């Protein structure tokens, strides 16, 4: 069967990789006042981070509409027997529910399955990449969905943030709010558990935080895929990738940039490590 894979722009898949793997990315909306932009379509990462730092208007985000998803599903259904649509954790965004509603708007031209990844950024990206391989295995769509679901627990994420200010402004802080009062001079480190961001550590300096990102991966067995995500500090990401080369083939490490959709909430100066493997 011919399956098409769909995700949203919070997966932070590098555009050239999405194109190579024939993954359709539905953009999230970013709003500055009355101006609305499609993530990475109408506003680039560079433009967004400049505005985030200097524009007096604080941005917010909106998930793609059900109609956005319906339009994508209709187009893909002309050349596919099945569509597998994988999205950011439903506990962090309404995107998954919007995709479900979009599915209901589409005539039953082909089988559409929508999956709540329970993760975000390149941890979602790594799941979507794995799904493209699973989808080519000759299995039924139900078997592919089951295997994708079984892959989710093997995907892990650790994030180093420069500040919690942006998460708090955006109202997406959830369980991380327990750190707010103590983070005057430390850097928060977050993971994702059961679809939610949770605090796991706090460090005094970025250097110590980067060491923890490295240690997070160092003792993992059977790493199948590894990504480093940055937004405004590419040199740090490259240096970390160099260190990670002692653990995982450097040429296979995926470097990705946190896009506007998640940058609204994470702020500048973030580094994430995501991998697929056993902890």
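Please treat every number below as a calculation from the coordinates, not as lab data. All of these numbers come straight from a predicted model, not from anything done at the bench. Heads up, the Cβs are rebuilt from the backbone with ideal geometry, glycines too, and the neighbour counts pull from every protein chain shown.
Things to note:
- The chain: calculated mean residue ellipticity at 222 nm from DSSP helix runs of at least 4, using -39500 (n - 2.57): -10500 deg cm²/dmol
- When the P(r) of the stretch 3-152 is calculated, the portion above 26 Å amounts to 23% of the C-alpha pairs.
- Cα long-axis angle, helix 206-218 against the chain (0 to 90 degrees, to the nearest 10): 50
- Computed label-point distance, nm, for sites residue 109 and residue 147 using a 7 Å Cα→Cβ extension: 2.6
- Computed from Cα positions, the angle between helix 95-104 and the longest principal axis of the chain comes to roughly 10 degrees.
- The stretch 212-239 and the stretch 61-138 have Cα centres lying 27 Å from one another.
- Cα gyration tensor shape for the chain, rounded if a/c is under 1.5, else prolate or oblate: oblate
- Rounded to 5, percent antiparallel among DSSP beta bridges of the chain: 60
- Rounded, prolate or oblate (a/c below 1.5 giving rounded, otherwise prolate when a/b exceeds b/c) for the stretch 91-169 by Cα gyration tensor: oblate
- Contour minus Cα-Cα distance for residue 204 and residue 1 (0.36 nm per residue): 67.9 nm
- The packing ranking of peptides 247-257, 122-132, 86-96, highest mean first, is 122-132, 86-96, 247-257, where packing means the average number of other beta carbon atoms within 10 angstrom of each residue.
- Of all DSSP beta bridges confined to the stretch 3-152, the antiparallel ones make up roughly 30%.
- Counting only alpha carbon atoms, the long axis of helix 66-77 and the longest principal axis of the chain meet at about 50°.
- nm² value of the averaged projected area, convex hull over the Cα atoms of the stretch 154-278: 7.2
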